[in-house]
Amino acid sequence: MYYVSTRNKKLEFTPAQAISQGLSREGGLFLPASLPRLPGHALENLKNMSYQQRAVYIMGLYLTHFTTSELTAYTAKAYGPEKFDTRAVAPVHRVDDKTYCLELWHGPTCAFKDMALQMLPYLLTASMRKNYDNRTVCVLVATSGDTGKAAMEGFRDVDQTRILVFYPKDGVSEVQALQMKTQEGENVGVCSVVGNFDDVQTGVKQLFSDEELRAQLEKEGIFLSSANSINWGRVLPQIVYYVSAYCDLLRDGAVAPGEPINVCVPTGNFGNILAAYYAREMGVPIARLICASNSNNVLTDFLQTGTYDKNRTFFNTISPSMDILISSNLERLLYSLSDGDDRRVAGYMEQLNATGAYTVDEDIRKKLQSLFAAGYANEEETKAAIGRLWQEQNYLIDTHTAVAFHVLERYRAESGDETTTVVASTASPFKFCDAVLEAIGVTDLAQGAALLDQLSEVTGIAIPRPLAGLRDKPVRFEGWVQKEQMKSVVNGFLK
Ligand SMILES: *Cc1c(COP(=O)(O)O)cnc(C)c1O
């Protein structure tokens, strides 16, 4: 199998080239030239396997230049018991007869980013070796919270890698800041920057396009790379859990072989729901993909009208990992829905760059509307969904997952579609204690790490291990800089 760019399908890349390069030179994203299909009895066979074995099988269909023993070693390390607090890795929790929650937050940082970022370092370093490239990878990340922490946990102490994370000094939750300041590992660095997330992201983009810095690092055998969700090595591990969820339902008799399900995903950069789309294309019986947004509902409008328009007010919400107005991975979907029309995709992306908006052609709009349903939840609706699930089902969910539940309930009421549905649950509620506490009716909130104890006491649910240990960990990274100083931080870090 070879890979092409969404903006130029003439050039062919091996899986290792696509993963180590990350982004194509003309700005496009890599994807397989054609998607593999699951053979007839694959789901029946996979249903009796462990998560790791399922991952080896699915990833192997896409990574034709990797051996089974390589993939077996990576999945053992990435998804092993030292990293995940349940052997199921991504368990499916039954909420009611027709609603199941795919819990993607049992990894080391308690958010779904772990599912991909535990695997990416192995795929990336193996890809470099396969390309006979022995440079050290330095991963630079701008984070609004979840990605940076998950990337550091994935890359910590992985040979031939370094990772440096920048986050906005006053733009992350207290728990998130504490998670980053106490990060362990010999090859990691963390620095907060005065400003908001956009300032930090702009700063990191400038570092990537700084030719002088790049040339100097090149001499030292260092190559700058990114860990954000445009890398194919992040999308691929996410396909696995949708296949796995269906296998679990089959194994437990919740669906009959071939019975369709719907999938509902809280969406920001469109990476997670794109993986569900790929699982569907591979042959997993998924009928509808339900795309759930918060008040930054640019995708709701796009899927309903065919016009993507990022020229709108930006809201800071209680589901901050979905506060995004440019959903980068949508480009891969447009490529598939236009049957690989790279010229058209490049045209849409040029318009987006120039004007902040584009409208897809009629053929694509029709396909979008048959595949996807879309909706959004405002802040009150998000909290109400948390409260309702807690009261009625005794099931505690985080703010992002709550957005999905709200959208699913509305979708069911409006469409009458009662298909069994898997909701992607993307974070532990303990990562967003304050909003969750308020949603279940607590008004007098504790401060800082004491919020974790408070949520645990009120609900009787144990604090996840990686968060419970935070308070006793020494703070290693206290520094903060102005955004003009970010380059000197990189230089100091790589000395
Ligand atoms: C990143 C993130 C999302 C959004 O995922 P995308 O792949 O960007 O759509 C949703 N919830 C949580 C908790 C996240 O960290």
Normalised per residue, the volume inside the convex hull of the alpha-carbon atoms of the stretch 288-422 in Å³ amounts to 111
Phi angles of the stretch 91-97, converted by Karplus (6.51 cos²θ - 1.76 cosθ + 1.60, θ = phi - 60°) into ³J(HN,Hα) in whole Hz with x for Gly and Pro, give x, 9, 9, 7, 8, 8, 3
Carbon plus sulfur, as percent of the 1.4 Å-probe accessible area of the chain, comes to 48
Taking the alpha-carbon centre of each part, the distance from the stretch 436-457 to the stretch 325-341 in Å is 40
For the pair ASP133 and ASN48, the simple spin-label estimate (label points 7 Å beyond Cα toward Cβ) gives in nm 4.2
Residue span LYS487 to SER370: 0.36 nm per residue of separation minus Cα-Cα distance leaves a gain in nm of 37.4 nm
Protection proxy (average C-beta count within 10 Å per residue), highest first, orders 113-119, 7-13 as 113-119, 7-13
The computed P(r) of the stretch 351-495 puts the percent of Cα pairs beyond 18 Å at 70
For the stretch 154-213, the Kirkwood Rh over every pair of distinct alpha carbons, in Å, works out to 12.7
Spelling it out for TYR376: with amide H atoms placed in the peptide plane at 1.01 Å from N, the residues 5 or more places away or on another chain with amide H under 5 Å from its amide H are SER293
About its Cα centre, the stretch 374-495 carries a charge dipole, from +1 on Lys and Arg Cβ atoms and -1 on Asp and Glu Cβ atoms, whose size in debye to the nearest 20 is 820
Cross-link reach from LYS77 to aspartates and glutamates, straight Cα distance under 15 Å and at least 8 residues apart if same chain, gives ASP85, ASP114, GLU153, ASP157, ASP159
Expected field for HIS93, accessible surface area in Å² at 1.4 Å probe radius, rounded to 10, holds 70
Row for the stretch 27-107, column shape: gyration tensor on C-alpha, a ≥ b ≥ c, rounded if a/c < 1.5 i.e. under 1.5, prolate if a/b over b/c, else oblate; value prolate
Between the modelled labels at ALA76 and GLU212 (7 Å from Cα along Cα→Cβ) the distance in nm is 4.8
Per its Cα gyration tensor (rounded if a/c is under 1.5, else prolate when a/b beats b/c, else oblate), the stretch 338-418 is best filed as prolate
Per the stretch 152-251, sqrt(5λ) over the Cα gyration tensor eigenvalues, sorted largest first, in Å, gives 29, 20, 15
Where a ≥ b ≥ c are root eigenvalues of the Cα gyration tensor, a/c under 1.5 meaning rounded, otherwise prolate if a/b exceeds b/c and oblate otherwise, the stretch 22-174 counts as oblate
Per 10 angstrom bin, beginning at 0 and ending with the bin that holds the maximum distance, the Cα pairs of the stretch 194-319 fall in percents of 10, 27, 29, 20, 11, 2
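Relative to the compact globular guide of 2.2 N^0.38 Å, what is the alpha carbon radius of gyration of the stretch 272-358, as a ratio?
The stretch 272-358 yields a ratio of 1.15.
Can you give the FRET efficiency to the nearest 0.05 for ARG312 and SER69, using r as the Cβ-Cβ distance and R₀ = 60 Å?
Approximately 0.75, to the nearest 0.05.
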With 0.36 nm assigned to each residue of separation and the Cα-Cα distance removed, TRP480 to ARG251 gains 77.4 nm
Here the FRET efficiency for MET1 versus THR419, based on Cβ atoms and R0 = 35 Å and rounded to 0.05, is 0.65
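Test of understanding: what is the full-extension gain from ASP361 to ASP472, defined as 0.36 nm times their sequence separation minus their Cα-Cα distance?
Details: separation 111, 0.36 × 111 = 39.96 nm, distance 5.56 nm.
My answer for the length gained is 34.4 nm.
Over 19 Å between Cα atoms, which of LYS310/LYS483; LYS205/LYS483; LYS181/LYS383; LYS113/LYS149; LYS219/LYS487 qualify?
In this structure, LYS310/LYS483; LYS181/LYS383 exceed 19 Å between Cα atoms.
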Note: the chain at 20 °C, 1.002 mPa s; Kirkwood Rh on alpha carbon pairs; Stokes-Einstein D in µm²/s works out to 94
In Å, the Kirkwood estimate of hydrodynamic radius for the stretch 331-372 over Cα pairs equals 10.5
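The values are calculated or read from the model by the stated rules, or taken from the named source; none is laboratory data. Bear in mind that the values here come from a model prediction, so they are computed numbers and not experimental data. Methodologically, a virtual Cβ is constructed for each residue, glycine included, from the backbone with ideal geometry; neighbour enumeration extends over all protein chains shown. Side chains are part of the model used for accessible areas, which takes the heavy atoms of the whole protein and leaves out ligands, DNA and RNA. Shrake-Rupley method; radii C 1.70, N 1.55, O 1.52, S 1.80 Å.
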